[in-house]
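Right, one structure below, let's go through it.
The values are calculated or read from the model by the stated rules, or taken from the named source; none is laboratory data. Note that the structure is predicted; figures quoted are calculated from it, not measured. Glycine also receives a Cβ, built like all others from the backbone with ideal geometry; neighbour counts cover every protein chain displayed. In case anyone asks, the SASA skips ligands and DNA or RNA and just uses the protein heavy atoms, side chains included. Shrake-Rupley method; radii C 1.70, N 1.55, O 1.52, S 1.80 Å.
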Amino acid sequence: MKSISNRIVRHRKLVIAVFLTAVLISVFLASLVNVNYNMVDYLPDNAQSTRAIQIMDEEFDQAIPNASVMVRNVSIAEALDYKEQVAQIDHVSDVLWLDDVINILEPLEIAPSDTVESFYKASNALFSVTIEKGFEQQACDDILALIDEDDALAGEAPGLVTLQSATGSEVMKAMLILVPIIVLILILSTSSWVEPLLFFAAIGISIVMNMGTNAFLPNVSFMTNAVTPVLQMAVSLDYAIFLLHSFSDMRQTHPDIKEAMRMAIRKSMPIIAASAITTLFGFLALVFMHFKIGSDLGLNLAKGIVFSFISVTVFLPALTLVAYKLIDKTSHRQFLPGFKNAFKVISKIAIPVIILVALLIVPSYLGQQQTTFTYGNDAETTASRSGRDTLAIEEVFGKSTVVALLVPRGDAARELLLAEDLQALERVTSVTSYATTVSVAIPPEIVGEDRISSLYSDNYARLIIYTDTPPEGDDAFATVEAISQTAYSYYTDDVYLAGPSANTYDMKQTVQTDFLLVNLIAIAAIFLVLLLTFRSLTLPIILLLTIEAGIWINLAIPYFSGVSLGFIGFLIISSVQLGATVDYAILMTGNYLSNRRLMPKHQAISQAVGSSFRPILISGTILASAGFVLYATSSNPAIYEMGLLVGRGAVLSMAMVLLFLPAMLNMLDHIIEKTTLKANFKKNQAPFKTLAED
């Protein structure tokens, strides 16, 4: 440690130059990062819908329909003309309409009404359009240019375009709101107008380097791209605060500025490292999720913590030494009080707090296990054209979802019987297959490759099934199960389903075990860190109980409010809240142990609360602000729900550490002493003093 601090101080200008060079390179690399907006790509490789998509990519030239186009007030002939025009648009690979399902030369009255009204209703035509992956923006723009303003374009592809256009601007909007909030918090809590700028320089550089190194990954999810910079800033600003506060303290006893920084690095490095390690393990637990969005986000957050640690412990000391004269010239009094007497207030409500937590903890634990989830990635709102068009189509045609069913090719008669049984299912409105659109009596070779390429590959037959369900929910999942069971009644294996309902069904099946796995890994890893840090059997349990109780309350609120919660936020928040806020408990407990070796219990806890209150308040407020800003600025449910959970979780964890933890330390002081290696506690003058008396 001494050697490292000496080199940083001695070569401070070189350190600054190296980091600035790294930032310039990272800015360039960040522009090369490929952002993935398709959540389906993060399903496990062994999920049946993943296999279905792989087969379709390998064997079929055309994907399943991913857009719906509604044209109002048209005749059959005019609808056919529109179909032809849409089909001619670049990167539109297929257009399905009524003429692909029934013979429109015959009177529509003799055709099944459900089938007809799925495509043509009240003189409105609804086309199922397949847009090539990667060209959604161009194709959607051309379709919108073709149809009238009163017509509608909705579905996965236009929803993706909306998501892409919104996410980038929303990240910038979030940062523009969050940065001034954090600046204000830091100004209130520091003693120089320049110090907040140094904080942002150190953390900002680490954020840019983290984003730049994503260029070496195949891609990052849109959620990772949107959430990581905000959370990285909120979580790791503590490191910079620790170092500069330590530097300020060292200057009081070391007149030489270089020696003061050397001592500050040596003193703060273990504290920053312990804080970073617990946060790192919390984030790395996400890597073990079967649903790979956790690995994507966990890896990036963990990588961000590493870059923040390096930047704060290497770059910030060098920058501070260069700018210390400016820090002195812009000094001001601290606006935030010291909270030295905070425990006098906290001790008076200690027993009610313990009782309240005891009453809440079991219902919260049980409630968060009963939370209902949403699994999709619907970023559409009525504020967007795609969102309004979705509602417009649903008003005329109702809800509709496309499911692609793959079965082995070779038995057209069996395919026809399967299609008829599928058509008879309660929520199925129409089925498109070779057997139903051509004829089992006509060999595919006679029809021609162009006509059958969307329905037959060398090895598989593809049936396009239309349902009147939303993409997810009990009805949608029951329909997926019914389709699967019907298909398996004709084929013993090689049956695969894909499409929004099938994909979200697989997400549901996948993530049910992820929460328990991720939570156990995070708790076990952090328990081990706490065990090694405090060398105590009881303190890790007390600290984890403190933070986990806050997590359970946070996650139980949606259940008791009767609100469904996005499964991504539910899976991720446990690790994020645990990893990001256990530092508060570590700080409080570390101060308690240090003081307890020198003074009686009451005085030790009082001073621990007094010295910990302000940094915990600052850190928790910054993290809460980051979460609530994400909630306020994002239009994507997955992101704004996570923001709400992070913001609320930070407030709850902060309250638990400041109110509940001191009461527990006070009440269990004797047990902690007996179960802590070399505790060396100072004997209490009044060993039988009660909590109420304290």
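Work out from phi, with θ = phi - 60° and the Karplus expression 6.51 cos²θ - 1.76 cosθ + 1.60, the ³J(HN,Hα) of each residue of segment 662-673, listed in order in whole Hz, and give x for Gly and Pro.
3J(HN,Hα) across segment 662-673, in whole Hz: x, 5, 5, 4, 5, 5, 9, 3, 5, 5, 4, 4.
Residue separation times 0.36 nm, minus the C-alpha to C-alpha distance between residue 395 and residue 680: what's the value? Numbers along the way, then the final one.
Working: separation 285, 0.36 × 285 = 102.60 nm, distance 7.29 nm.
Length gained, residue 395 through residue 680: 95.3 nm.
With each label point set 7 Å from Cα along the Cα-Cβ vector, what nm distance links residue 165 and residue 10?
5.8 nm
Counting only DSSP beta bridges with both residues in the chain, tell me the antiparallel percent, nearest 5.
90 percent
Hey, what's the Cα Rg ratio for the chain versus the globular rule of thumb, 2.2 N^0.38 Å?
Rg over 2.2 N^0.38 Å, computed on Cα atoms: 1.14.
Count charges around residue 580 for me, please; just the other residues with Cβ under 14 Å from its Cβ, Lys/Arg as +1, Asp/Glu as -1. Could you put the intermediate results ahead of the total?
Values: positive: 648; negative: 238, 548, 583.
Cβ neighbours under 14 Å give a net charge of -2.
From the phi of every residue in segment 99-104, what ³J(HN,Hα) in whole Hz does the Karplus formula 6.51 cos²θ - 1.76 cosθ + 1.60 yield, where θ is phi - 60° and glycine or proline is x?
3J(HN,Hα) across segment 99-104, in whole Hz: 5, 7, 10, 10, 7, 6.
Quick one: what are the phi-derived ³J(HN,Hα) couplings along segment 51-64, Karplus 6.51/-1.76/1.60 with θ = phi - 60°, whole Hz, x for glycine and proline?
Values per residue, Gly and Pro as x: 4, 4, 5, 4, 5, 5, 5, 7, 10, 10, 6, 10, 7, 7 Hz.
Taking segment 468-552, how much of its Cα-Cα pair set, in percent, is spaced more than 18 angstrom apart?
Details: 2204 of 3570 pairs.
The calculated P(r) of segment 468-552 puts 62 percent of pairs beyond 18 Å.
5 Å is the cut-off here: which amide hydrogens, built 1.01 Å from N in the peptide plane, fall below it relative to residue 457, excluding neighbours closer than 5 in sequence?
462
Give the Debye-formula value of log10 I(q)/I(0) at each listed q (0.20 Å⁻¹), with one equal scatterer per alpha carbon of segment 205-261, two decimals each.
So the normalised log intensities are -0.76.
When 1/r is averaged over all different Cα pairs and the result inverted, which Kirkwood radius in Å belongs to segment 277-319?
This gives a value of 10.9 Å.
How far is helix 195-213 tilted off the main Cα axis of the chain, in degrees rounded to 10, range 0 to 90?
It is inclined by approximately 40 degrees.
Angle between the Cα long axis of helix 514-534 and the longest principal axis of the chain, 0 to 90 degrees, nearest 10?
The helix 514-534 is inclined about 10 degrees to the chain.
Checking the table 83/399; 292/508; 2/678; 344/601; 348/674; 267/674 against a 23 Å threshold on Cα-Cα, which pairs fail?
As for pairs spanning more than 23 Å Cα to Cα, those are 2/678; 348/674; 267/674.
Restricting things to alpha carbons, find the Rg to Rh ratio for segment 143-249 using the Kirkwood radius for Rh.
Ratio value, two decimals: 1.18.
Heavy atoms only, probe 1.4 angstrom, no DNA, RNA or ligands counted: give me 567, 309, 281 ranked by accessible area, highest first.
281, 309, 567
If you average the alpha carbon positions of segment 555-616 and of segment 169-209, how far apart do those two centres end up, in angstrom?
Centre-to-centre (Cα) distance: 23 Å.
For the pair residue 146 and residue 310, what calculated FRET efficiency results from E = 1/(1 + (r/R0)^6), where r is the Cβ-Cβ distance and R0 = 60 Å, to the nearest 0.05? Could the numbers behind the result be given before it?
Numbers: r = 53 Å, r/R0 = 0.88.
Using R0 = 60 Å, I get an efficiency of 0.70.
Using protein chains only and a probe of 1.4 angstrom, how many square angstrom of residue 254 are accessible, to the nearest 10?
Estimated to the nearest 10 Å², residue 254 gives 50 Å².
Need one number: nm distance between label points at residue 45 and residue 598, each 7 Å from Cα along Cα→Cβ, rounded to one decimal.
5.6 nm
Could you give the size of the charge dipole of the chain about its Cα centre, using +1 on the Cβ of each K and R and -1 on the Cβ of each D and E, expressed in debye and rounded to the nearest 20?
With Lys and Arg at +1 and Asp and Glu at -1, about 7460 debye.
Would you please state which residues of segment 410-439 a label at residue 478 would reach in this model, taking the label point 7 Å out along Cα→Cβ and a backbone N cut-off of under 14 Å?
The answer is 425-428, whose backbone nitrogens lie closer than 14 Å to the label point.
Given N residues in segment 255-336, what is its alpha carbon radius of gyration divided by 2.2 N^0.38 Å? If you can, show how the numbers build up before the last one.
On the way: Rg = 17.4 Å, N = 82, 2.2 N^0.38 = 11.7 Å.
Cα Rg divided by the expected 2.2 N^0.38 Å: 1.48.
In what sequence, highest mean first, do 126-139, 602-615 appear when ranked by Cβ atoms within 10 angstrom?
602-615, 126-139
For segment 1-67, what is the convex hull volume of the alpha-carbon atoms per residue, in Å³?
Expressed per residue, the convex hull around the Cα atoms of segment 1-67 is 181 Å³.
Please give the solvent-accessible surface of residue 108 in Å², to the nearest 10, using a probe radius of 1.4 Å with every protein chain present.
50 Å²
Please work out the Kirkwood hydrodynamic radius for segment 556-694, using every pair of different C-alpha atoms, and report it in angstroms with one decimal place.
16.7 Å
Under 15 Å from the Cβ of residue 304, count the other residues' Cβ atoms, weight Lys and Arg +1, Asp and Glu -1, and hand me the total.
Summing Lys and Arg as +1 and Asp and Glu as -1 gives -1.
Can you grab the distance from the C-alpha centre of segment 38-112 to the C-alpha centre of segment 489-525, Å, no decimals?
Rounded to whole Å, the Cα centres lie 27 Å apart.
On C-alpha positions alone, give me the angle between the axis of helix 293-310 and the longest principal axis of the chain, in degrees, nearest 10.
In the chain, helix 293-310 runs at an angle near 30 degrees to the longest axis.
Contour minus end-to-end for residue 671 and residue 527, with contour as 0.36 nm per residue of separation and end-to-end as the Cα-Cα distance?
50.0 nm
In what order, largest first, do 193, 552 sit by accessible area if the probe radius is 1.4 Å? All intermediate terms of the calculation are to be shown ahead of the outcome.
Details: 193 125, 552 50 Å².
Largest to smallest exposure gives the sequence 193, 552.
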